[in-house]
Structures are given as C-alpha cells and as structure tokens.
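The values are calculated or read from the model by the stated rules, or taken from the named source; none is laboratory data. Note that the coordinates shown come from a computational prediction; the quantities given were computed from them, not determined experimentally. In this analysis, Cβ positions are derived from the backbone assuming ideal geometry, glycine residues included, and neighbour counts consider all displayed protein chains. The accessibility values were calculated without ligands, DNA or RNA, using every heavy atom of the protein model including side chains. Shrake-Rupley method; radii C 1.70, N 1.55, O 1.52, S 1.80 Å.
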Amino acid sequence: MHTDLPDDLYLIARKATSADPVPGPSAIGNKAHNLARMVGIGLRVPPAFVIGTAWCARAGELRPGHWAPAVAALEEATGGRLGDPRRPLLLSVRSGAPVSMPGMMETLLNIGLNDAAVQGLVRGTGNPRLAWDAYRRLVAGFGEVVLGLPASAFEADLAHIADEDHDERALDFDAMRSLTQAHLRTVERLAGRPFPQDPQQQLGEAIDAVFRSWQSEKALTYRRLKGIADSPGTAVTVQAMVFGNAGGDSGAGVGFTRHPSTGEPQPWVDYLFNAQGEDVVSGRRSALGHDELQAVAPTVWQELLDGTARLEAEFGDMQDFEFTVERGRLYWLQTRNGKRTPQAAARIALDLHDAGRIDRTEALRRTEGLDAEALSETVLAPQGCAGSAAMLAQAQSACTGVAVGEIALDEARVRERQRAGVATLLLRQDAETSDIGALELASGLLTSRGARTSHAAVVARQLGKVCLVGCDALEIDLAARRVRLGGREFAEGEVLTLDGHSGAVHVGALERRCQAPEALLVRLQALRTGAG
C-alpha cells in the first residue's frame, strides 16, 4: 500500500512490501483493504486506487483534480493513458463498504472508452470483438447505473440484433459494433443527452454514482436486515481493467474456497468463458461449474487452487473470491469472508480448528448458538421423495433445504400473500439483488437465469432461503401472471416445491421433515467439552 498521495487517496500497487501500511476497512472499505492484503501475499492484482469512505457523505464536492495523481500512478503502472486513443487506460469503478454488502451497490466497467479509444483498443489488442463488446457494456452500464435507465431498454436493443436466445456471446464484432451504436442512440433518446465521450467526465460521474448507491433502496434494505450502520458509508475503488472477454482462453469467475452450503473443503466455482465478471455476479447469465475450467485450462485451475490456499491462510476463514482470466493469465479481483449456511459455518470452523488454523476459543466463538435446532435442515420425507415422478424441472442449487409455497412473480404479490399468512416462492427470470425485499419474505427463489455465486444467490443463502438458479425450463409471462415449467402452465398462486438438495422443482406441496446432522453435532460437543 502506498500513501504518497492526498491523505484520503490510497494506491494499491502490483508490488508491495510488508512495510507498506494497510489502512483499515473503516477508512478504505473491506474490498480495498483485502486487495492490499492479497498483493501482500503475492497474488496478481490489477493496480488500483481508493477514494476513502470519508468522501461518501460529500461526494458531490469531489473534482477530477483530486484523483488526478492517482490516475497518473495507474497510467505509469500499466503503460496506458486515460483518454489516449492510441493506448487507452480503461478502468473499473467499484463500491466497497467497511462491511461486505454483496451486490447492494453499483459497479461500472470499461470507463475510458469512447468512439476514438475503441479504435485504439482494437489496434492494441488485435481483437475488435473485445473492443466493441467492452464499449457496448460501458454504454449500457453507464445508462443503467449513472443515468437510471431501465435495463430492459438495452435488452431490447440486443433482441433486435441477436438470435432468438438473445445471447450476445454469439455476436461477431460487426454485430457488437451495431449493438453499441444502438445503445448510444438509446441513451440519447431516453436520457435526453448523449453518452459522454470525455473519459474524465465518465470517471467523475461513475464515482459519484457508486457513492450514491450507498443510499439505494436495496442497500438500505440490506443494512436494515443485517443491522449495519449507515455510517461511515462506502469507499470507491478505481482499478485498471483486465479482460475476461478477450476470447476462448479468457473468462471470469466467482468462487468459494469451501462449499458455502455444506462446508465441504473443496472450491465451489462458477465460471464463464469469454465474459466479464458482472456476467456472473449480476444474476443475468447462467454459469458453468469448475469442471469445465479445470478441463480447458488446467494450469489456471492449479494456480487458482494454490491461490485459494493462500487466501485461507491469510484470512483464516472460508473466502468468497472473484477472478478474471485474460489470455490464460489469472488475476484476482476481490476476496471477502464468504456468506454461509449454519451447517457450513459449523463444519468450516471445526475443520479449521482440526487443521490448527484457528484456536479453540475462536472455533467456539464461530459456532456459538449453533445447536441441534439451528443446524437442522428441511428435507423431503421418504413419501415426498416417492413423488419425484411429479418433478417438473431441474435447476442448479445455490442453497440447500426444501421450500413449499405459492408461485409469486414480484414483491407486491409476495407481500400480499405474506399478509394473508401464505408462504410463497418468488419466481423470476434473473437472480437480482433488487429483489431483496421480496427475498426477505418469500420461502424460496427460483430463476430461469443466474449463477450459484451471483450476488442475489449469496444474499438468499445468507437469509436462509432455498435458492435454485439457472432453470432453463422456466418461462415467465409477467403480463399474463403465468409461468411454464416442464411443458405445463401454472397460474400465479399455484403451489410448487423446491428441493435445494437435488435442484428439483416439483408440482404441489410435498411432505417435508427436519433432519439433524448427527455427526456434526457430535464434533461440536467434543469441541465444547474440550474432548476435540
């Protein structure tokens, strides 16, 4: 960590020494604090600078001159230059509160691209598809986050250009260029002003929008649910971009160093080839598991395994991490203590204690209150399992358990039925954190798209909700208030069962029972009596 900048700006460089002081999370946010520690243990982290939490309440006073020395330091570290049409420096702008709030605030990628810089990126990378893909993402992201335009407007642009699956991954660079131009027209039409071509203006508006997202409805709801204070606010991390959308040897992923539902000591990773990180965490794309990454890029996979071991050694706990692979080269973008179920919390603490990674006092602290009731899981009763012939569809399980309830298609319906004392299942196309208000009240979540590690799935797991994502068989007709599953149609209000253990979706209300993890309880008892 280098502090040869104004007192409220901090530079995270690729190379650091143990003598470099790391300010605490209250000053620079948990994300930046952990990035600096990752650099300290030798992981490859793109250079970044941080605007501290002290600016959150007065972000409107910030001016480009304030962060200009930090931008110059990133330019020196990367060899690029913000606004240079020949070798543009591109930046991500991310939030980072002192306490982790996954997906509750905003992120912008590819800041610095414009009509001239996109041509420089084409020449510099030799990859016109990457350049135009990055530019269209910036325009759409800027429109949504900074200007408040609906995501549906940009999805409509895609629908006009892409095939019936609306999959942008199938578009060549010419189609990406057309999509970017469509997005530029959409911004000007809906916002009443053109997308800014000045990179400094882009950066300033992005920083302001990320600071403002601290007060977004979903962030306020999350802080209320988790008892998080409204001060000091969020920091903003500005980081040099690396590109997971650079081709088949590139991609983006999110993972946990251990299974967040069961605590099993093996990495749990979602990955998308030729994609950027927001594709995974946004909940708008279904992802692949780690088997595909291991098969296609075994060297990267081994480096990832080595890195996860270092992360756990440094932080002393299971980690939730984000990474990008650019042309076969692994970069680490984030780590934090992973959200987990009570069952996973108990097993992870016990395993770390058995391995000598935490002492008995810490293990007791982490397992306090985890008794038989807290650790019991809902499973299908044997009779319920026999009803598997009524299984409608299969999805990916992001959180275990079994949930039964009426189909509800939005927060208003969930709240209406909750007031009537009726359990509901929230069915959505995407797993998005904007649904946190509905997630709080629903018994479970089923989505047609999204990854197990998307921010919404992480929040659902933390709230103890059964969560199934990436159900290809789910089609939602919001206007008609109906869904289609497994070749059958259902009206809102009909009852389904979600099995978070198998990922199955069943018709009707199947019988359930509670099951206590006896082996885990025995281990906990041994710890508490000093026998373990």
| Condition broken by L43, with the remaining ones in (1) at positive phi; (2) in a loop (DSSP other than H, G, I, E, B); (3) surrounded by 15 or more Cβ atoms within 10 Å (Cβ to Cβ) satisfied | (1)
| query | Can you tell me which residues in the range 284-316 are touching a residue at least 40 places away in the same chain (Cβ under 8 Å), touching a strand residue (DSSP E or B) at 6+ places or on another chain (Cβ under 7 Å) and either charged (D, E, K, R) or open to solvent by 50 Å² or more (accessible area, probe 1.4 Å) (or both)? | reply | R285, E312
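Name the residue, out of P232, P265, that is out of contact with any Pro (no Cβ under 8 Å at 6 or more places or on another chain) and open to solvent by 10 Å² or more (accessible area, probe 1.4 Å).
P265
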| message | Can you tell me which residue is nearest to L113 (Cα to Cα) among those in the range 183-194 that are open to solvent by less than 10 Å² (accessible area, probe 1.4 Å) and of a type outside the set (S, T, Y)? | response | H183
| task | Identify the residue in the range 513-525 that is open to solvent by less than 90 Å² (accessible area, probe 1.4 Å) and touching a helix residue (DSSP H, G or I) at 6+ places or on another chain (Cβ under 9 Å) and, among all such residues, is nearest to R347 (Cα to Cα). | result | L520
| Any pair with Cβ under 7 angstrom, 6 or more apart, that starts in the range 63-87 at a residue that is open to solvent by less than 50 Å² (accessible area, probe 1.4 Å) and ends at one that is assigned to a helix (DSSP H, G or I) and of a type in the set (D, E) | L82/E75
| note | Inside the range 342-384, the number of residues satisfying the requirement of being of a type outside the set (G, A, S) and under 15 Å from M318 (Cα atoms) is 14
| If you check V466 against the conditions, is it among the β-branched types (V, I, T), farther than 14 Å from A408 by Cα and out of contact with any strand residue (DSSP E or B) (no Cβ under 6 Å at 6 or more places or on another chain)? | no
| Quick check: is even one residue across the range 49-62 open to solvent by less than 10 Å² (accessible area, probe 1.4 Å), within 12 Å of V236 (Cα to Cα), among the small types (G, A, S) and at pLDDT 95 or above? | no
| Residues Q202, Q197: which one is open to solvent by less than 10 Å² (accessible area, probe 1.4 Å), polar (S, T, N, Q) and modelled with pLDDT of 95 or more? | Q202
| Identity of the residue in the range 493-512, surrounded by fewer than 19 Cβ atoms within 10 Å (Cβ to Cβ) and touching a Lys or Arg at 6+ places or on another chain (Cβ under 9 Å), that ends up modelled with the highest pLDDT | G493
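Every residue, every condition in (1) closer than 15 Å to F211 by Cα; (2) of a type in the set (K, R); (3) assigned to a helix (DSSP H, G or I); (4) touching a Lys or Arg at 6+ places or on another chain (Cβ under 6 Å), yes or no:
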{"site": "L11", "(1), (2), (3), (4)": "no, no, no, no"}
{"site": "G60", "(1), (2), (3), (4)": "yes, no, yes, no"}
{"site": "A70", "(1), (2), (3), (4)": "no, no, yes, no"}
{"site": "G83", "(1), (2), (3), (4)": "no, no, no, no"}
{"site": "R94", "(1), (2), (3), (4)": "yes, yes, no, no"}
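One line per residue, one yes/no per condition, for (1) open to solvent by 20 Å² or more (accessible area, probe 1.4 Å); (2) in contact with a strand residue (DSSP E or B) (Cβ under 9 Å, 6 or more places away or on another chain):
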position	(1), (2)
P102	no, yes
I111	no, yes
P128	yes, no
R137	yes, yes
A140	no, no
E144	yes, no
P150	yes, no
A170	yes, no
